[in-house]
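See structure below.
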Amino acid sequence: MAKQQERQQDLIGSFDIEGFQDDLLYWFERQQRDLPWRRDRDAYRVWVSEIMLQQTRVETVIPYYERFMERFPTVRDLAEADLEEVYKYWEGLGYYSRARNLHAAVKEVQEKYGGVVPDTPEEVHALKGVGPYTAGAILSIAYGLPEPAVDGNVMRVLSRIFLIEEDITKAKTRKLFEAVVHRIIAHRNPSFFNQALMELGALICIPRSPRCGICPVANHCRARDKGIQESLPVKKKAKQVRIEERAVALIQRNDGRWLLHKRPGTGLLANLWEFPNTEYKGDADPREQLSTYVYQTFGVKCIPQELVMEHSHVFSHLQWNLRTYICAYKGQEDVEGDAEAKVRASWVLIEEMPHYPFSVSHKKIADGLHEGFQQSLL
């Protein structure tokens, strides 16, 4: 603790805190973007926006946010909704555990706090899926409390302003940034201060070729003084992404229905719907492996025929390369198979598919099926 305090003091030193606050807030008050979640300080709306913005660009989030808030305008509306419907409104944003945790936490707020998002650090931090950044954003933006909200943008900005060369992937470095924000945050307007740091990182203090010439706080930036702003922040290389080759089966029964199945309730893409698919390895024909998997799992006999779509989807730790085949349906038998998978399987008409929440990769396949796969192999 003593070392951390000493390090904070080294960083703050003779730093002009008041001047930095004035320059940053003056810029933000005049240049902030008009974003839908900034039009009021409702804690629920702030919360939803911050969860959506995790690992997703602002431009992508805006239409999802507006649609989501139109359907679930209050804590009660979201708490009383079925999780599958929540997934459907989240469909396309990815990282579905965010939606699942938000739904669970909102239920807790409805039951425990009468639908009012709590305004104390202890209570907000205790909500499911609410980490230090989200808690700080809710408390500062909605309730005006001087709490740090440190995300990747903020760490990039402050690493350059204060010349912080510690690895930002380490927990102790995040703690250091939070301690720095505690020292420099503008108590007269914590909401604008935290939003301004985020905005600065998103628009000006960007990862490559930062726009130092128009930065409102350039005169306070130690990295710029030394000409090393582009080398910060320091971040260790991420682990190599694992690649899976997967074959996907599009199987239409004689009554016109297509085979879907729901993923398990835990793990990757929990509770989302998809077409039957399996990983294939080696030099074996993926069609053969796919046919075997479908029969052994669902008891469905099929012959994969035309390759109608190839695409990839990247998760934070994994990349799926998907090859999708139209399959000839040859009947169904009662085999032992995967009992749980068979329970989660369903034969669905194509016009019913829009009601099912798919993962991003399989929604592309469903969309291709609707459109007849025009140009899907280009």
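What follows draws every value from the coordinates through simple rules; no lab data is involved. None of these values were measured; they are calculated from a predicted model. All Cβ positions, even for glycine, are placed from backbone atoms using ideal geometry, and neighbour counts span all protein chains on display.
General observations
- Cα pair count fraction exceeding 20 Å, expressed as % - region 99-181: 40 percent
- Degrees between helix 43-53 axis and first principal axis of the chain (Cα, 0 to 90, nearest 10): 70 degrees
- Cβ-based exposure ranking for Asp151, Asp22, Asp34, in which fewest neighbours within 10 Å come first: Asp34, Asp22, Asp151
- Distance-filtered residues of region 282-317 - backbone nitrogen under 17 Å, label point 7 angstrom along Glu333 Cα→Cβ: 289-304
- Relative contact order, percent, region 242-371 [alpha-carbon distance under 8 Å, six or more residues apart]: 33 percent
- Computed over the chain, the Cα gyration tensor eigenvalues convert (square root of 5λ each) into semi-axes of 47, 24, 18 Å, ordered from largest to smallest.
- Separation of the Gln55 and Asp16 label points, Cα + 7 Å toward Cβ, nm: 4.1 nm
- Geometric extent, Cα atoms of region 1-103 - Rg, Dmax (angstrom): 18.9, 54
- Neighbour counts of C-beta atoms inside 10 Å place Ser231, Ser49, Ser14 in the sequence Ser14, Ser231, Ser49, starting with the fewest.
- Order of His313, His261 - criterion: other Cβ atoms within 10 Å of each residue's Cβ, fewest first: His313, His261
- Nearest 10 degrees, 0 to 90: helix 17-31 Cα axis against the chain principal axis: 50 degrees
- Nearest 10 degrees, 0 to 90: helix 286-298 Cα axis against the chain principal axis: 80 degrees
- Relative contact order of the chain, defined on C-alpha pairs under 8 angstrom at six or more residues apart (%): 15 percent
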